[in-house]
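We did not get these values from a lab; they are worked out from the coordinates using the rules stated. Computed from a predicted structure; not experimentally measured. We place every Cβ from the backbone using ideal geometry, glycine too, and count neighbours over all the protein chains shown.
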Amino acid sequence: MDVACDCYHRYKEDIAMMKYMGVTAYRFSIAWTRILPNGSLKAGINQQGIDHYNNVLKELELNGIEPYVTLFHFDLPQALEDKYGGILSIDFVKDFRDYCDVCFKEFGEKVKHWVTINEAPIVAENSYCVGLSPPRRCSPWKGCKVGDSGKEPYIVLHHMILAHAVVAKLYKEKYKDTQGGEVGISLVGIWCPPYSDSPEDLAAAERIRDFRMGWCLEPFFYGHYPISMKNLVKDRLPTFSDHEKRMVMGSLDFISINYYSSNYAKGLPLIITEPYSWDTDSCVQRTQENARGEFIGPLQDLNSPFRTYPEGLRQLLVHLTHRYDSPKLYISENGTGRTDENTKEFLQGKLNDEYRIQFILDHLDAVKRAREEGADVVGFFVWSLLDDFEFDLGCSYRFGLMFTDFDDNQRRIPKRSMEWYHSFLTVDE
C-alpha cells in the first residue's frame, strides 16, 4: 500500500511541530469513510474512526491549537457512488447531512469552525466536466466513457449547495446554541483582470468571476445563480424552489478562500453551440499574458501552470467585501508548490526555499492591504504543513513547510520556510 504523509499515525509529532512554530490554528479534514465506512448512517458508524479524531482534537487542545475542520474534501465514499451515482443524485444531500450530524455530535464540543465542502466548483469541474478526478465523468467527446460536461457540473454543484444549506440548518437548529460554532464553505479564489481595456474583455473578466465563484456564492446571498450564467446556460442550469431559496440564503457564516494564482480574461463571441461544456459556456479564454504581452506574474516553477499574482488576492477580497455585504473571510489555503524540491541538490542545499517565504510574505501583505480597505479577513492558513499527496499531482509537487521524505518512512525535515515561519509567528513572544 502506498503511504503519503501518514499523519494518521504521526499526528502527535506533527502537532508538536506546529506548537514549536507558534501555530494557533490547524485546518484539516475528516474522512467521511472513517466515520461511516459505507457512506450512510444505516450501514453503521466506525467507532475507531471517531476515537482517532477525538485523539487528534485532544492533542490539539493540549497544545493550544484551534481546529478548523473540513467535512468533505474530495473523498466521496465509493459505496455511495456505486449505490446511486454519488453527488449526481439528490440522495447525496441526506447522506451528507447524516454524516455531518454524527461529526457535530461527536466532535462539536471541541470544533467551533466547520467547512462543509472544500472547493465545490472544482469538484464539479474536475470530476464531471474534464474527467480529471473520480468518478472521472465527462462527455465522451472529451475522452470519458460516461458523462455530460454540459449538464452534470451544474447538477452536482446544485446538490452541493443544497447539501451545505441542509447541514447549516441542522447545525443552527440542533447544535449552535450549545456548541457556539460557525459553518461555512471554501472556494478556489481567482481574480482575472481583463486581457485588454476593450468592452468585450472587461465583460469577460466579470463573467469568469461569475462562472468560477459567483456560481457557488450568489445563491447564498441572492437566492439564484448569476444572471450571466442564466443567459448563457439557459435550461441546463438548475433552479431553486422558493423553499430551497429560503434555506440556502443566509446559510453561510463565513467564506474560506484558497488562493494560488490568477489569469487574464479574454472575451470570446457570446455564441454557445453544441456540444456543450461548462468550461466553454462562459465564453472566456483565460491567458497568462495580456494584450501588451505582459505576463500576469512569474512562474512559480518551470514545470508549474501557476504564476504568482498577490495583487489578485487583494482585489478578490475587496470584491467579495463589496459584493456580499462584508462577509467574514478566511484564507484557508495559500502557498506555492514546486517540482524541483524532489532533487538531491535541494536536500544538499539545506532545503533553501526562500521563494516560498517571499510568496507567503507577498500574499500576507495583500491581505493586510485588503483589510485596510475594509475586508473582514480573520484567518490565514499556509498550504501546507507537510509535502503531501496532491489529488491531481501526486507526491512530486511539494507545497510543505516541511520536507516529507517518501523514501525514508515519511521522515519530516524542516525547510528554511518552516524556521522562518516559527520566527515570524513568535517574534513578539
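See the values below:
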quantity: Under 22 Å from LYS145, Cα to Cα: lysines that are on another chain or at least 8 residues apart; calculated: LYS83
quantity: Extension gain from ASP75 to VAL146, taking 0.36 nm per residue of separation minus the Cα-Cα distance; calculated: 23.5 nm
quantity: Relative contact order of the stretch 7-425, pairs being alpha-carbon contacts under 8 Å that are 6 or more residues apart, as %; calculated: 12
quantity: Interchain or long-range residues, amide H under 5 Å from LEU385's placed H; calculated: LEU401
quantity: Protection proxy ranking, peptides 74-80, 280-286, 197-203, average beta carbon neighbours within 10 Å, highest first; calculated: 280-286, 74-80, 197-203
quantity: Identified option (computed Cα extents along the principal axes in Å; candidates (i) 75, 55, 33; (ii) 70, 48, 47; (iii) 57, 55, 45); calculated: (iii)
quantity: Theoretical ellipticity at 222 nm over the chain - DSSP helices of four or more residues, -39500 (n - 2.57) apiece, nearest 500; calculated: -12500 deg cm²/dmol
quantity: Residues of the stretch 255-283 with amide N under 11 Å of the 7 Å Cα→Cβ point at SER198; calculated: 266-269
quantity: Rough spin-label spacing in nm, given labels placed 7 Å along Cα→Cβ, for TYR84 and ARG246; calculated: 2.4
quantity: Label point distance in nm, ARG136-ARG10, each placed 7 Å from Cα along Cα→Cβ; calculated: 2.9
quantity: Under the span-like rule (Cα at least 30 Å along the axis, Kyte-Doolittle mean at least -1.0), DSSP H helices of the chain; calculated: 152-174
quantity: Estimated FRET transfer efficiency (ASP51, LEU268; beta-carbon r; R0 51 Å; 0.05); calculated: 0.45
quantity: Antiparallel %, DSSP beta bridges [both residues in the chain], to 5; calculated: 30
quantity: Size of charge dipole - the stretch 214-333 - debye, nearest 20, with Cβ of Lys, Arg +1 and Asp, Glu -1, no other charges; calculated: 220
quantity: Distant-in-sequence amide H partners of ARG27 (H built 1.01 Å from N, under 5 Å); calculated: TYR68
quantity: Potential extension, ASP177-GLN348 segment - 0.36 nm per residue separation minus Cα distance; calculated: 56.2 nm
quantity: Spatial separation of Cα centroids for the stretch 413-429 and the stretch 348-362, in angstrom; calculated: 12
quantity: Ascending count of other beta-carbon atoms within 10 Å, so fewest first, for VAL378, VAL166; calculated: VAL378, VAL166
quantity: Cβ charges +1 (Lys, Arg) and -1 (Asp, Glu), total dipole of the stretch 7-425, debye; calculated: 480
quantity: For the stretch 53-115 versus the stretch 179-247, the gap between their alpha-carbon centres in whole angstrom; calculated: 25
quantity: Amide H within-cut-off set for VAL115, under 5 Å, with H built and near neighbours excluded; calculated: VAL69, THR70, LEU71, GLY184
quantity: Potential extension, ASP340-ASN409 segment - 0.36 nm per residue separation minus Cα distance; calculated: 22.8 nm
